[in-house]
Amino acid sequence: MLLKFFNKKITLDCFTHCPYVYESFKLKKEAYPKWANDDLLKNESFNILYKNSIAVPLWTDLTIQVDTFGNVKYDLLQNSSFKFVLKNYPPDKYHELTFSNVILLNLNCPWVLKEKEGIKFSFNGLLWNYIKEVDKFWFLNKILSFKDPKSLDIDFLISIKPLYQGIEAGKEIMQLIPMTEKEVDIKHHLVDEKEIIKLNNYGSNR
């Protein structure tokens, strides 16, 4: 029984109040690269790396245009139950002189995640899935814990180039890698907006 206790699964609960996102853009276990062949899938080391990883699909079309002065115009797929927002971090948040050729942006996420054990997750880009856009988008890595519920927002850099930059909704651009050997189960929940507000205020009210 003791062994069973220590090997129990971790549950990652994912909440949204947007039916469109709940139906079409759930997180998915096993973020294997699309180029993984049968031989790789049988390789133990390869499986350890990817089997417990979680793919995160982009939940909106992301269309961005930047002019030579760094002004950003964007278009996001909108839905009646959730407002997608892209915001620009002030330059003093990321040392403008160091990154003079890029802009740091944040895309809000309709998923709020909770995991009661406090397991840490590495949140990083699935490079092989957006290789055509890699000279335009740089998705930033984070280490996250969801013991206090947290929205899975994405921070990324875009190059200041006067051209169109876009990624379609549904493309798996990020992955969550649990920093544990325990298996992770994902449970998705469609809730009302009041429940999302309650989850977002959970940590500040304790």
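For the reader, a short list of remarks on this structure follows.
- Residue identified as outside any loop (DSSP other than H, G, I, E, B) and closer than 23 Å to Y20 by Cβ among L176, L157: L176
- Screening T98 on (1) exposed (fewer than 15 other Cβ atoms within 10 Å of the Cβ); (2) modelled with pLDDT under 80; (3) under 26 Å from L76 (Cα atoms) shows it passes everything except condition (3).
- Within the stretch 37-48, if we keep just the residues that are surrounded by 14 or more Cβ atoms within 10 Å (Cβ to Cβ) and within 25 Å of the chain's Cα centre (by Cα), the residue that is farthest from L27 (Cα to Cα) turns out to be F46.
- For the stretch 11-30, taking the residues that are in contact with a Lys or Arg (Cβ under 9 Å, 6 or more places away or on another chain) and modelled with pLDDT under 90, the one that is surrounded by the fewest Cβ atoms within 10 Å (Cβ to Cβ) is identified as E30.
- Condition check for D185: outside any loop (DSSP other than H, G, I, E, B), more than 15 Å from I54 (Cβ to Cβ) and among the acidic types (D, E): no
- So I186, is it surrounded by 15 or more Cβ atoms within 10 Å (Cβ to Cβ), at pLDDT 85 or above and in contact with a Cys (Cβ under 8 Å, 6 or more places away or on another chain): yes
The values are calculated or read from the model by the stated rules, or taken from the named source; none is laboratory data. For clarity, every value in this text was computed on a predicted model and none was experimentally measured. Heads up, the Cβs are rebuilt from the backbone with ideal geometry, glycines too, and the neighbour counts pull from every protein chain shown.
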